[in-house]
Amino acid sequence: YLDYNATTPLRPGVRDVLIDALDQFGNPSSVHAEGRTARSYVSKAKTQVAKLVGGSANDIVFCSSATEALNMVVQSNWDSVITLQTEHAAVLSPAKTYDTANLSIEVTNDGIIDLEALPSVIDTARMFGPRVLVCVQAANNETGVLQPVADVVEICRAAGASVLTDAVQVAGKLPIDVTTLGVDYAVISAHKLGGPKGVGALWVRPGLSATPLITGGGQEKGLRGGTENVASIAAFGFAAECAVKSLETEPADSQVTKEFERRLVEVSPDCVVIGRNAPRLPNTTSIAMPGRGAETLVIALDLAGFAVSAGAACSSGKVSRSHVIEAMGLGEELSASAIRISRGWETTQDDLDRFVEIWARTVKPSNGLRHVA
Ligand code: PLP
């Protein structure tokens with residue numbers, strides 16, 4: 001399984017926490033003992049999640065997914081929203097509702113934000129009004145390219161713009177501290193770091209707020225109505241705690257990825273490692289084989305026993321050209337042929353060795369798998 005950026009297996013122990021919390025059936029809003037027990041599970045999870053992102057438990061809001069949390073922040077009645085062209089659809093799609101007040105910012109060939117252009121894009125955005133939101137992902141899900149979020153914040157502070165960072169892919173893979181970064185909003189997702197699917201968290205800088213997408217019983221300080229999903233939240237908290245520990249004791253080694261990529265290029269010199277000169281997540285390789293369709297490669301690799309993704313896996317089984325690689329200006333051929341290999345805590349060196357062997361066989365010119373555009 002080499003698709004950790006799509007979703008991860010549960011970390012050891014998370015299942016037990018999930019099952020135990022399912023038995024705590026109380027409603028966290030109830031004042032009786034059962035309710036207080038459920039509330040204590042949610043509170044503990046807030047502390048655990050806050051520790052992973054560097055904020056305080058009070059400022060964590062649980063949602064049904066990172067997608068929901070990102071939608072909530074983006075749709076919080078800004079005058080304009082600036083999005084990096086390589087953002088996830090969970091940011092790009094709600095930003096489109098701003099129509100002409102949705103401005104975009106370009107990335108370089110290596111996928112890094114064009115910092116020099118940012119002040120003038122913010123200036124243009126301010127023509128729509130003073131409330132400007134800049135969305136900058138901490139790490140890209142397809143390429144693993146890391147953005148200089150602290151530098152973005154510095155520019156935005158000077159220009160009076162707010163900053164949302166999609167930290168879904170970085171959380172658990174590299175240390176992150178929202179307070180040091182200086183962002184206003186940060187979002188993470190449980191299932192990308194060893195927790196269950198269907199639960200995400202938003203961190204909101206103290207003193208700021210957002211416009212809830214779902215209103216009702218005033219849960220989550222009024223930011224997210226609906227009785228909390230206590231079991232998934234508890235499991236998320238435990239997964240976050242495990243992630244903190246493994247970042248301290250066994251951080252992913254980017255040298256392993258570098259060596260893996262070197263060997264891939266050695267056995268198939270025509271392939272291109274996307275974002276190879278940029279700082280990247282230690283677990284992610286995006287590789288394109290010109291002339292080969294990503295979908296064909298993914299199917300061939302699946303038949304050989306390897307789970308990898310083409311472009312973003314989140315798009316309901318749809319394999320289209322990667323908007324991320326297109327935004328990097330790398331052309332249609334590369335954007336149609338890039339696949340993502342993302343490893344995690346269950347990946348062994350043997351898995352990578354076998355992958356290199358299978359890759360060499362799969363992309364060999366004589367195997368007849370041609371890309372039809
Ligand atoms: N942002 C990024 C960078 C992602 O990779 C994903 C998931 O693929 C999301 C947001 C959405 O997360 P969720 O599945 O929790 O809605």
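Taken together, the values in this text are just the output of simple stated rules run on the coordinates, not laboratory data. Everything numeric here is computed off the predicted structure, so don't read it as measured data. Glycine also receives a Cβ, built like all others from the backbone with ideal geometry; neighbour counts cover every protein chain displayed.
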Seminar exercise, completed: So the angle from the long Cα axis of helix 14-23 to the longest Cα principal axis of the chain, reported in degrees to the nearest 10, equals 30
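Per DSSP H run of n ≥ 4, the term is -39500 (n - 2.57); total these for the chain, divide by its residue number, and report the mean residue ellipticity at 222 nm rounded to 500 deg cm²/dmol.
The helix-only estimate for the chain comes to -11000 deg cm²/dmol at 222 nm.
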For this session: Please report, in debye to the nearest 20, how large the charge dipole of the chain is about its Cα centre when each Lys and Arg carries +1 at its beta carbon and each Asp and Glu carries -1 there.
Result: 520
Exercise. Based only on Cα atoms, what Rg/Rh ratio does segment 93-209 have, Rh being taken as Kirkwood's radius?
Worked result: 0.96
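Once Rh is set to the Kirkwood radius over Cα pairs, what Stokes-Einstein translational diffusion coefficient, in µm²/s, holds for segment 1-75 at a temperature of 37 °C and a viscosity of 0.692 mPa s?
Numbers: Rh = 14.5 Å.
Value of D from the Cα-based Kirkwood radius: 226 µm²/s.
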For this session: For segment 241-286 and segment 87-145, write down the distance between their C-alpha centroids in whole Å.
Result: 26
Exercise. Considering the chain, what Rg and Dmax in Å follow from its alpha-carbon atoms?
Worked result: 20.9, 70
Seminar exercise, completed: The pairs in K51/K197; K245/K364; K197/K221; K96/K221; K192/K258; K44/K96 lying past 32 Å Cα-Cα in this model are K245/K364; K44/K96
Exercise. Tell me, Kirkwood radius of segment 248-305 from alpha-carbon pair distances, in Å?
Worked result: 12.9
Exercise. Among G225, F238, L264, which residue has its Cα positioned farthest towards the positive end of the charge dipole of the chain, with +1 placed on the Cβ of Lys and Arg, -1 on the Cβ of Asp and Glu, and the dipole taken about the Cα centre?
Worked result: G225
Exercise. What Kirkwood hydrodynamic radius do you get for segment 143-236 when you take the inverse of the mean 1/r over all pairs of distinct Cα atoms, in Å?
Worked result: 14.8
Seminar exercise, completed: Residue separation between E116 and E326 times 0.36 nm, minus their alpha-carbon distance, gives in nm 73.5 nm
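Taking Cα pairs under 8 Å and at least six residues apart, what relative contact order does the chain come out at, in percent? Before the final figure, lay out the partial values.
Numbers: 801 pairs, mean separation 82.3, N = 373.
Once divided by the residue count of the chain, the mean separation gives 22 percent.
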For this session: Starting from 0 in steps of 10 Å, tell me what percent of the Cα-Cα pairs of segment 202-294 lands in each bin.
Result: 12, 24, 21, 22, 17, 4
Problem set entry | Range in the chain, longest, excluding exposed GluC sites (Glu not before Pro) [loop by DSSP; at most 16 other beta-carbon atoms within 10 Å] | 107-345
Exercise. By how many nm would the segment from D177 to R36 lengthen if fully extended, with 0.36 nm per residue of separation less the alpha-carbon distance?
Worked result: 47.8 nm
Problem set entry | Pairwise label distance in nanometres, E248 with D351, each label 7 Å out on the Cα-Cβ vector | 2.5
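Just need the relative contact order of segment 190-254 here, percent rounded to a whole number, with Cα pairs under 8 Å and 6+ apart. All intermediate terms of the calculation are to be shown ahead of the outcome.
Numbers: 64 pairs, mean separation 21.8, N = 65.
34 percent.
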For this session: Find the eigenvalues of the gyration tensor of the Cα atoms of segment 1-158, then list the square roots of 5 times those eigenvalues as equivalent ellipsoid semi-axes, largest first, in whole angstrom.
Result: 36, 20, 14
